[in-house]
There are 2 protein chains.
Amino acid sequence: MDTTDHGSRPPGDPVVAGVDLGGTNVKGGLVDRSGRVTARFTLATADFDDPRRLAAALAHEVGVRLGGRPLLGVGIGAPNGNYYRGTVEHPPNLPWPGVTPLAAWIAEAAGVPCLLTNDANAAALGEGLFGAARGLRDYLFVTLGTGLGSGLVVNGALVYGHDGFAAELGHVVVERGGRLCGCGRRGCLEQYASATGLVRTYRELAPDAPADLDAHHVFQRAEAGEAAAEAAFERMAETLGLALANSVAYTEPAAIFLAGGVAAAGERLFEPVRRHFEANLFTLYRGKTAILPSGLPTSDAAVLGAASLIWTAHA
Amino acid sequence: MDTTDHGSRPPGDPVVAGVDLGGTNVKGGLVDRSGRVTARFTLATADFDDPRRLAAALAHEVGVRLGGRPLLGVGIGAPNGNYYRGTVEHPPNLPWPGVTPLAAWIAEAAGVPCLLTNDANAAALGEGLFGAARGLRDYLFVTLGTGLGSGLVVNGALVYGHDGFAAELGHVVVERGGRLCGCGRRGCLEQYASATGLVRTYRELAPDAPADLDAHHVFQRAEAGEAAAEAAFERMAETLGLALANSVAYTEPAAIFLAGGVAAAGERLFEPVRRHFEANLFTLYRGKTAILPSGLPTSDAAVLGAASLIWTAHA
């Protein structure tokens, strides 16, 4: 029986807010303990050149959707998000230069705890709590979108590193003096294995490709049997397969999950990645690590991941 | 006052046996809680083509040195040692093919628990308990000897991986189609960064070098100002520095420790490694991870590491 003072209506099951902060949109949702997204909202990132106003707007959007349910906290996935400090630091695609103490401002605006990490770390956590990594203590999560994001779970816990920025596999140098990366260095994995990398490889193989060609077009061309498009997938898989085999030599995960837009290519991606991965593994690791698709719908993965930051703290 | 029935002599402080199983020698010692090695012994590996006889011999060697002190357990560092199963699996340099359940046999022979892992993992643990990594929750330990061994500590615990063989950085492929490695693949880091790798690089630069030249000779020639020897160190540091910078993108350690024979080269090694490391780091990591020498004497590091397996369990 409801003995608290929430009025005549029972307070309902507690929920958590998950927020994915992207360069274009801020996507939010309320997530219950079972991983069901019970409400969604979207804000335009460009509308908030003052992050304090974004904190207030998020608190408002969440508040109006609670319907009397207790809010346990707000989880945020953000580029260059730092878990220890609750900050977003020098993000390449957000209108806030420098270091923004976003978690503290959101906690203050919403009146509940706020935890924040890198968007791919959050997604990795979501995969473990609600997706295909449930029950696994050691896994690697890789999201292949515009760039390559990753999250690493060891001994059942997300690896944040000594300073909160661990697991940036997209910036492992796989080719000395290779393609120029947005980070200023050359040869980073994400310049080869991502939507950007796939298109870049395809353009090298088919210089006459139209200017507006994107990764989905390359996929369609490969499915139609075009040799250059098929070769672009094969080359991406060759580089990614080797990089993932190398990653096993660090933490020996039981499984590696591939998510994001490029992973929607299915066997066009997974078959050659598994082949090159297995061929490049050190003897002791062969046949022991699975490469699997994410078990979460792409549309909700980021919000579920961000919400997992809070649900993990309530496990 | 001694009220137990150990006879007239007090039982003394408990000790742990640490055993380093190498291709040539089996080195053992008794280690107290403070990391003092109070007794040492050496056996010739080739004398034990039956590992059950080695287990019995180890129990005997340890037993005669106890002098009434309680023995808490035996820790073993062994090539291809598996912590979860207590096995040595397909070791390249031991006379036992296949899978040997060595920990179980030693525990039976010695009448105390026995824990076993890879020799470099054990050394990494020793660095954290008794050496320069004391108090660090996230670090990487690399030993540069004949090969390159490594151990990885995340969130205060050694990373064993899902199957017990994590942290084999020596077998990260750093050069596609590069030098042939003993593991059968090409381009493994240990073919570039190790005593073997250094000599190999030097021979490429100085094809007339004598047949019996070793890594220490290369060091002496570099110290004497010989250009090819200096260049061999620079190239090793270039490859190792990049590989260590890439490794930060996995677990973001607070420090990386370099140990083993090649690390005795001191600044001849550390200066160029730090330079190439820092130059190759992803923006978020710059200036945050130290590259340091081991704090343990090379002669006792392996025994202290093996003993740490047991002392860590009694922490």
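The values are calculated or read from the model by the stated rules, or taken from the named source; none is laboratory data. Just so it is clear, the model here is predicted, and its values are computed rather than measured. All Cβ positions, even for glycine, are placed from backbone atoms using ideal geometry, and neighbour counts span all protein chains on display. Ligands, DNA and RNA are stripped out before the accessible areas are found, and what is left, the full protein with its side chains, is counted by its heavy atoms. Shrake-Rupley method; radii C 1.70, N 1.55, O 1.52, S 1.80 Å.
Can you tell which of B:Ala104, B:Ala132, B:Ala110 is surrounded by fewer than 24 Cβ atoms within 10 Å (Cβ to Cβ) and free of Cβ contacts under 8 Å to residues at least 24 places away in the same chain?
Numbers: B:Ala132 fails: free of Cβ contacts under 8 Å to residues at least 24 places away in the same chain; B:Ala110 fails: free of Cβ contacts under 8 Å to residues at least 24 places away in the same chain.
Going through B:Ala104, B:Ala132, B:Ala110 in turn, just one is surrounded by fewer than 24 Cβ atoms within 10 Å (Cβ to Cβ) and free of Cβ contacts under 8 Å to residues at least 24 places away in the same chain: B:Ala104.
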Sole residue being closer than 21 Å to B:Thr196 by Cβ and open to solvent by less than 10 Å² (accessible area, probe 1.4 Å), chosen from B:Val142, B:Val172: B:Val142
Members of region A:70-95 found to be surrounded by 18 or more Cβ atoms within 10 Å (Cβ to Cβ) and either among the aliphatic types (A, V, I, L, M) or in a loop (DSSP other than H, G, I, E, B) (or both), listed by number: A:Leu71, A:Leu72, A:Val74, A:Ile76, A:Ala78, A:Pro79, A:Asn80, A:Tyr83, A:Gly86, A:Val88, A:Pro91, A:Leu94
Residues of region A:232-267 that turn out to be closer than 16 Å to A:Leu292 by Cβ and assigned to a helix (DSSP H, G or I), as a count: 12
Of all residues making up region B:217-242, the number that are open to solvent by 10 Å² or more (accessible area, probe 1.4 Å), of a type in the set (A, V, I, L, M) and in contact (Cβ under 8 Å) with a residue 12 or more places away in the chain: 3
Single residue of region A:292-315 satisfying the filter (open to solvent by less than 60 Å² (accessible area, probe 1.4 Å) and either within 14 Å of chain B (Cβ to nearest Cβ) or not aliphatic (A, V, I, L, M) (or both)) that is farthest from A:Gly241 (Cα to Cα): A:Trp311
Qualifying positions in region A:270-301 - touching a helix residue (DSSP H, G or I) at 6+ places or on another chain (Cβ under 6 Å) and in a helix (DSSP H, G or I): A:Pro272, A:Val273, A:His276, A:Phe277, A:Asn280, A:Tyr285, A:Ala301
Selected residue (criterion: surrounded by the most Cβ atoms within 10 Å (Cβ to Cβ)) from residues of region B:7-31 that are touching a helix residue (DSSP H, G or I) at 6+ places or on another chain (Cβ under 9 Å) and without any contact (Cβ under 8 Å) to a residue 24 or more places away in the chain: B:Asn25
Those residues of region B:258-285 which are in contact with a Gly (Cβ under 8 Å, 6 or more places away or on another chain) and away from chain A (no Cβ under 14 Å), in sequence order: B:Gly260, B:Gly261, B:Val262, B:Pro272, B:Val273, B:Arg274, B:Arg275
Count of region B:127-160 residues which are out of contact with any strand residue (DSSP E or B) (no Cβ under 8 Å at 6 or more places or on another chain) and in a loop (DSSP other than H, G, I, E, B): 6
Residue in region A:247-257 that is open to solvent by 40 Å² or more (accessible area, probe 1.4 Å), within 30 Å of B:Leu158 (Cα to Cα), more than 9 Å from chain B (Cβ to nearest Cβ) and modelled with pLDDT of 95 or more present: no
Test: B:Asp163 is surrounded by 21 or more Cβ atoms within 10 Å (Cβ to Cβ) and either touching a residue at least 12 places away in the same chain (Cβ under 8 Å) or more than 9 Å from chain A (Cβ to nearest Cβ) (or both): no
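Kindly indicate the residue of region A:175-195 that is open to solvent by 40 Å² or more (accessible area, probe 1.4 Å) and of a type outside the set (D, E, K, R) and also farthest from the other protein chains (Cβ to nearest Cβ) among those meeting that condition.
Per the stated criteria, the residue is A:Leu180.
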Residue match in region B:146-158 (condition: modelled with pLDDT under 95, open to solvent by 10 Å² or more (accessible area, probe 1.4 Å), within 15 Å of the chain's Cα centre (by Cα) and more than 14 Å from chain A (Cβ to nearest Cβ)): yes
Unique match (being open to solvent by 20 Å² or more (accessible area, probe 1.4 Å) and in contact (Cβ under 8 Å) with a residue 12 or more places away in the chain) among A:Ala46, A:Ala124: A:Ala46
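Would you be able to say whether some residue in region A:270-288 is over 30 Å from B:Glu190 (Cβ atoms) and either under 17 Å from the mean Cα position of the chain (by Cα) or at pLDDT 95 or above (or both)? Steps first, answer last, please.
Initial filter on region A:270-288 (over 30 Å from B:Glu190 (Cβ atoms)): A:270-271.
Right, trim to either under 17 Å from the mean Cα position of the chain (by Cα) or at pLDDT 95 or above (or both) and you get A:270-271.
Yes, the conditions are met somewhere in region A:270-288.
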Residue match in region B:215-231 (condition: among the charged types (D, E, K, R) and within 11 Å of chain A (Cβ to nearest Cβ)): no
